[in-house]
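The values are calculated or read from the model by the stated rules, or taken from the named source; none is laboratory data. In this text, all values refer to a predicted model and were calculated from it rather than measured experimentally. Every residue, glycine among them, receives a Cβ derived from its backbone with ideal geometry; neighbour counts consider all protein chains shown.
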Amino acid sequence: MGWLTDISTIARWEVKKSLTMMSREVLPFAIVLFILLVAVTGFAAQSGMHLQDGMYEVGVDDPRVAELIASDARFSVYRADPAILEKNRNAFDLVIMNGQVYSSGTDRAKAAQKTLERDYAKYVNSVYNRESDLFAAYPLWIDVQTVKSELTFLSTQSGQYVQAAPGRKAPVPEGEISAIPTPSASLDFTKEELRQELVKTSSKNTQISRYTEVLSAESTMGRFKTPSQLSPPLPFDSIILIFVFIFPLYFTSQFFMMSIMNERIERKGEVLLSTPVASSSIILGKMIPYFIGMLAICTALTLYVRAPLIILLPLIPVIVFFLANALLIGMLSRSFKELSFISIFFSTVATSYLFFPSIFANVHVISLISPLTLIVLSIQASPWTVTDYLYSTSLFWLTGAVLFYIGIRNFKEERLFSEKPLLPRIREFLSEIMSRKHPFLSVFLLAGFSIPFVFMVQLMSLTLFFNLPMPYSLVLLLIFAALVEECAKAVGIYTLFAQDPAFLTGKNLLAACAATAIGFLVAEKLLLFITLAQISESVFGSILFLSLGVLWMPLLLHFAGVLIVACSLKFWGRKGLVIGLVTATAVHCLYNLYFILGWIG
Amino acid sequence: MKARHLSIIAKKEFRGLFNERTILLAVLLQLFIAMFSSFLMVGLTSMYDPSSLSKYSRYKYNIAYAGNDSAVLEYLQTSPDFRVYPMDLSTGVAALKERKLSAVIYVPDTSPSADEPVKITLYTLTNDLQSAIVDVKLKDVFLKYEKDLRQIRIDRLGELPIPLQVPKSSGGGDFYEFVYGLLIPLLVFMPAIIASALVIDLITEEYQHETLETLISTPITFSEMVWGKVLACELLVPIQAGAWLLLLMVNGIAIQNAGLILLQVVVTSLILILLGALTALHYRERTAAQFIFSTALVVVILFVLALPSNPLNLLTRLAVGTAGPEQWLVLAATGSVIIILGYLTQKYAERGGKSHHAG
């Protein structure tokens with residue numbers, strides 16, 4: 001019970017402290033800024049975003065066409081007689097004479113033409129929408145029926161195309177053929193219903209809707225579309241979602257970071273540390289208000305956008321992950337500017353990890369790496385399973401927990417108030433969680449607990465490289481994955497070495513390497529088994545995570561890798577680290593090439 | 001105010017940045033974002049404009065055609081993108097499920113000149129990259145057919161749009177607007193935002209670490225210290241923005257007027273840096289100052305974006321080469337805002353210096 005009281009006391013202090021600080025000076029300004037923000041948003045909505053004004057230059061002879069084009073601020077329109085236009089044709093991106101568009105052929109002109117085509121299509125639609133005989137203006141309707149196919153990584157592993165083109169003969173299905181009823185030839189909607197929908201979709205011609213168009217592309221007509229409405233869903237909605245949900249989290253975690261940092265400035269936190277309260281209670285107590293605050297913000301946002309509340313579930317691990325990182329950043333940085341840079345760096349990387357996969361939300365399973373994909377799915381009312389949840393959030397839970405543990409163990413005077421540079425500090429933090437009595441057990445555990453981080457980095461690289469055409473993506477992934485694993489394995493050995501270079505005698509070195517290799521392998525298999533079976537079945541997976549089959553081969557590989565690093569550390573000291581890592585990575589790559597892909601021999 | 005004092009302060013801050021190796025993080029960050037956005041470009045391009053990857057341009061997609069004969073069948077057969085198999089609907093859909101086909105089309109028995117529209121049913125796979133591409137290619141075919149049908153029914157139309165003949169596009173240009181109209185202004189402007197956040201850190205640090213007394217006891221005055229910090233942050237902007245421009249150019253994105261772009265960024269960033277300095281001088285405490293500043297930043301940027309020919313728009317136009325002499329007007333307007341803010345900063349700093357001496 002004492003533990004809980006401690007936590008709640010500290011949480012109350014934290015709230016009180018930040019509230020008094022906030023209310024005195026900040027609140028009046030914050031209110032003014034908020035009012036200004038509302039006013040400016042209104043102004044921006046009215047006047048539009050003028051970021052891309054005047055990008056293209058167009059020469060036109062017909063005033064009606066000029067008026068039509070000038071309605072899009074992206075064009076600077078010059079009206080002149082055809083003779084003059086003809087003479088200065090290259091001064092413009094596009095020249096329009098007698099209803100014919102001529103392009104100057106540059107990249108800018110190509111883009112201008114695309115924009116013009118889109119604008120013109122909108123204009124044509126607006127004319128046709130007024131047509132009394134709607135089916136003369138829109139004589140063709142497409143009823144889009146989607147068919148579910150078992151989507152596996154194998155089938156689209158390159159991210160591109162899967163089918164080998166068959167011969168001349170029509171493909172014959174192998175499985176059962178279920179009868180498909182012949183579709184009726186009539187639309188299920190009245191002319192007026194269709195017209196309303198057309199007007200609705202084409203009227204959104206504001207500058208902001210250029211970016212958000214697809215967000216509301218889902219019409220009430222659902223599947224019925226005119227040919228021009230038939231285009232792939234660019235996942236802009238997930239881009240917007242990311243910023244709606246992630247930005248406040250990032251913002252709030254800044255406060256937590258700062259609160260930790262403030263304890264360290266001028267040793268203010270000494271008082272707190274001298275009380276008989278456990279460091280875990282201090283950290284939890286300080287964190288809980290922010291956690292609740294973030295959750296409240298997310299709930300409010302969810303209710304505001306009228307999304308189902310279930311999207312909070314995938315957000316919780318993200319919040320935990322953000323807070324854990326904020327804790328460590330607050331504990332690690334020496335100065336405000338360091339804090340700023342590290343936190344900007346962290347938030348960029350984290351945002352891209354969250355954001356990149358969800359771009360593929362409607363397209364590929366890889367998107368499930370990010371918890372935000374679950375949010376996208378929930379909003380689209382597509383179901384997801386507990387397995388999906390585990391799959392996309394387990395890494396966030398695990399890394400969050402490990403980081404918190406490191407933070408709690410290091411929350412004490414000599415760590416908080418030291419002024420050492422960043423990297424030695426990180427090393428100190430790590431050596432704090434390693435037990436001196438059981439160095440080998442510690443190395444084993446450290447290697448094991450590095451696995452969630454390794455997976456995260458590797459998955460991040462997978463989403464990055466996934467975009468590249470096939471051979472490059474595989475090669476880059478191969479090298480990068482090997483490097484990451486070797487780095488992770490080297491951490492334990494390096495920490496041991498930095499603590500006491502003399503510790504690495506021949507016998508100890510072998511034992512530590514073995515412990516690292518075993519720890520790495522065990523954790524890898526365990527985590528794979530629980531979560532990532534889907535990815536690990538693919539070619540990409542086989543590079544990232546050694547396949548589940550034979551065990552002694554990968555063990556040998558891990559052992560060899562870490563041994564190379566350890567030996568170069570022993571012989572060349574700290575300078576040997578880089579050499580060792582490069583060599584180990586090379587060995588790792590060769591192994592992968594040989595055994596998994598069978599490219600050599 | 002002495003120039004030597006300013007440079008002493010600026011040098012001190014730079015030394016701090018290099019000693020902490022935070023500058024390294026900034027470089028890493030920049031590289032990461034560059035990689036990120038170029039990967040994003042390649043990915044999106046190959047996803048939404050497959051012909052950009054020459055390797056795939058000759059790929060033929062298998063399509064099943066069911067139902068009645070129509071011009072669509074003809075268009076599909078002559079299209080270089082498709083291989084069409086006339087099939088029974090149920091068999092076609094079953095093959096589609098097994099991924100042996102990319103799409104199945106069913107065309108009903110509606111006469112082209114009928115009162116009713118022609119309703120084509122299109123079966124594609126859910127959640128598939130490929131079907132997204134097939135959709136795009138099929139769209140062209142359908143649009144052609146729609147045009148034909150419209151021509152047949154033209155007598156029934158009351159009002160015809162102004163005719164405009166657009167030449168067949170030669171591909172490309174899809175991401176021009178994204179790159180030049182969004183990526184470049186945001187990336188080039190990011191250093192300004194970082195620099196303004198940095199100036200807050202530098203100033204509040206002196207207050208919170210109580211190093212101010214030591215600094216003031218030297219011949220350097222309080223306002224010289226503030227301006228020295230502003231100078232240090234300001235110098236970072238052209239370095240970082242220049243690095244961005246270089247990175248973008250290395251990525252094969254041609255940027256015109258790089259020098260003028262830098263000039264605009266450097267001048268505009270001074271507004272943000274001075275705003276940051278003012279906030280920091282007012283609050284003397286990082287959390288509050290950063291909070292107020294970032295909220296103010298959102299307000300300012302949103303407001304500026306809503307103004308026609310704003311500095312960010314100017315960056316876009318400079319990069320694509322359509323900026324005219326009005327850029328100097330914008331620069332002058334920015335300059336006058338800077339003078340006002342600079343005056344305010346000076347006053348605030350003088351007052352801050354005095355109160356500090358008194359206290």
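Key figures for this structure:
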read-out: Among (1) more than 7 Å from chain B (Cβ to nearest Cβ); (2) acidic (Asp, Glu); (3) under 28 Å from B:Tyr176 (Cα atoms) - the single one A:Glu14 does not satisfy; value: (3)
read-out: Selection within the range A:250-300 - within 14 Å of chain B (Cβ to nearest Cβ) and free of Cβ contacts under 8 Å to residues at least 12 places away in the same chain; value: A:Phe251, A:Asn262, A:Ile265, A:Glu266, A:Lys268
read-out: Extreme residue, modelled with the highest pLDDT, among residues of the range A:92-133 that are part of a loop (DSSP other than H, G, I, E, B) and more than 10 Å from every other protein chain (Cβ to nearest Cβ); value: A:Phe92
read-out: Contacts under 8 angstrom Cβ, first residue in the range A:317-336 being more than 14 Å from every other protein chain (Cβ to nearest Cβ), partner outside any helix (DSSP H, G or I) and buried (at least 21 other Cβ atoms within 10 Å of the Cβ), 6 or more apart; value: A:Met331/A:Phe411
read-out: Those residues of the range A:412-425 which are over 25 Å from A:Ser274 (Cβ atoms) and buried (at least 16 other Cβ atoms within 10 Å of the Cβ), in sequence order; value: A:Leu422
read-out: Cβ-Cβ under 7 Å pairs, at least 6 apart or on other chains, the range A:511-532 side over 12 Å from A:Ser442 (Cα atoms), far side modelled with pLDDT under 75; value: A:Glu524/A:Phe545; A:Lys525/A:Leu548; A:Leu528/A:Ser536; A:Leu528/A:Phe545; A:Leu528/A:Leu548; A:Leu532/A:Phe545
read-out: Looking only at the range A:49-71, and only at residues there that are more than 7 Å from chain B (Cβ to nearest Cβ) and of a type in the set (Gly, Ala, Ser), the one that is nearest to the chain's Cα centre (by Cα); value: A:Ser71
read-out: Selection status of B:Tyr56, at pLDDT below 75, assigned by TED's automatic domain parsing to the domain that holds B:Val136 and either surrounded by 13 or more Cβ atoms within 10 Å (Cβ to Cβ) or under 30 Å from B:Thr218 (Cβ atoms) (or both); value: yes
read-out: Flag for B:Ser269 being surrounded by 24 or more Cβ atoms within 10 Å (Cβ to Cβ) and either touching a strand residue (DSSP E or B) at 6+ places or on another chain (Cβ under 8 Å) or more than 14 Å from chain A (Cβ to nearest Cβ) (or both); value: yes
read-out: Qualifying position, being among the basic types (Lys, Arg), more than 11 Å from every other protein chain (Cβ to nearest Cβ) and on the phi < 0 side of the Ramachandran plot, among A:Arg79, A:Arg74; value: A:Arg79
read-out: Some residue of the range B:280-288 being out of contact with any Pro (no Cβ under 6 Å at 6 or more places or on another chain) and under 23 Å from A:Ala44 (Cβ atoms); value: no
read-out: Filter result (over 26 Å from A:Val277 (Cα atoms) and either assigned to a loop (DSSP other than H, G, I, E, B) or free of Cβ contacts under 8 Å to residues at least 24 places away in the same chain (or both)) within the range A:379-411; value: A:Gln380, A:Ala381, A:Ser382, A:Pro383, A:Trp384, A:Thr385, A:Val386, A:Thr387, A:Asp388
read-out: Spans of helices (runs of 4 or more DSSP H) in the range A:1-81 with at least 1 residues farther than 20 Å from A:Lys122 by Cα and touching an Asp or Glu at 6+ places or on another chain (Cβ under 9 Å); value: A:2-21
read-out: B:Val265 vs. criteria in a helix (DSSP H, G or I), without any contact (Cβ under 8 Å) to a residue 40 or more places away in the chain, β-branched (Val, Ile, Thr) and more than 21 Å from A:Ala111 (Cβ to Cβ); value: no
read-out: Strands (runs of 3 or more DSSP E) within the range B:58-129 that include 3 or more residues under 39 Å from the mean Cα position of the chain (by Cα), under 30 Å from A:Pro383 (Cα atoms) and more than 7 Å from chain A (Cβ to nearest Cβ); value: B:103-107
read-out: In the range B:73-82, the residues that are modelled with pLDDT under 85 and crowded, with 17+ Cβ neighbours inside 10 Å; value: B:Ser79, B:Asp81, B:Phe82
read-out: Pairs, first at pLDDT below 85 in the range A:78-91, second assigned to a helix (DSSP H, G or I), C-beta under 8 Å, six or more apart; value: none
read-out: Answer from A:Glu414, A:Glu428 - the residue that is at pLDDT 80 or above and either outside any loop (DSSP other than H, G, I, E, B) or hydroxyl-bearing (Ser, Thr, Tyr) (or both); value: A:Glu428
read-out: Residue under evaluation A:Val491, criteria (1) surrounded by fewer than 21 Cβ atoms within 10 Å (Cβ to Cβ); (2) touching a residue at least 24 places away in the same chain (Cβ under 8 Å); (3) more than 29 Å from A:Ala350 (Cα to Cα), criterion not met; value: (3)
read-out: Unique match (being under 25 Å from B:Pro185 (Cα atoms) and more than 36 Å from the chain's Cα centre (by Cα)) among A:Val101, A:Val38, A:Val77; value: A:Val77
read-out: Hits in the range B:298-357 (condition: in a helix (DSSP H, G or I), at the interface with chain A (Cβ under 8 Å from one of its Cβ atoms) and of a type in the set (Ser, Thr, Tyr)); value: B:Thr316
read-out: Residue in the range B:190-212 that is touching a Lys or Arg at 6+ places or on another chain (Cβ under 8 Å), surrounded by fewer than 20 Cβ atoms within 10 Å (Cβ to Cβ), within 29 Å of B:Gln240 (Cβ to Cβ) and modelled with pLDDT under 80 present; value: no
read-out: Selection count where residues are among the β-branched types (Val, Ile, Thr) and closer than 30 Å to A:Ser352 by Cα, scope the range A:246-290; value: 5
read-out: Complete set of residues in the range B:235-252 that are crowded, with 19+ Cβ neighbours inside 10 Å and under 20 Å from B:Leu314 (Cα atoms); value: B:Val237, B:Gln240, B:Ala241, B:Trp244, B:Leu245, B:Leu248
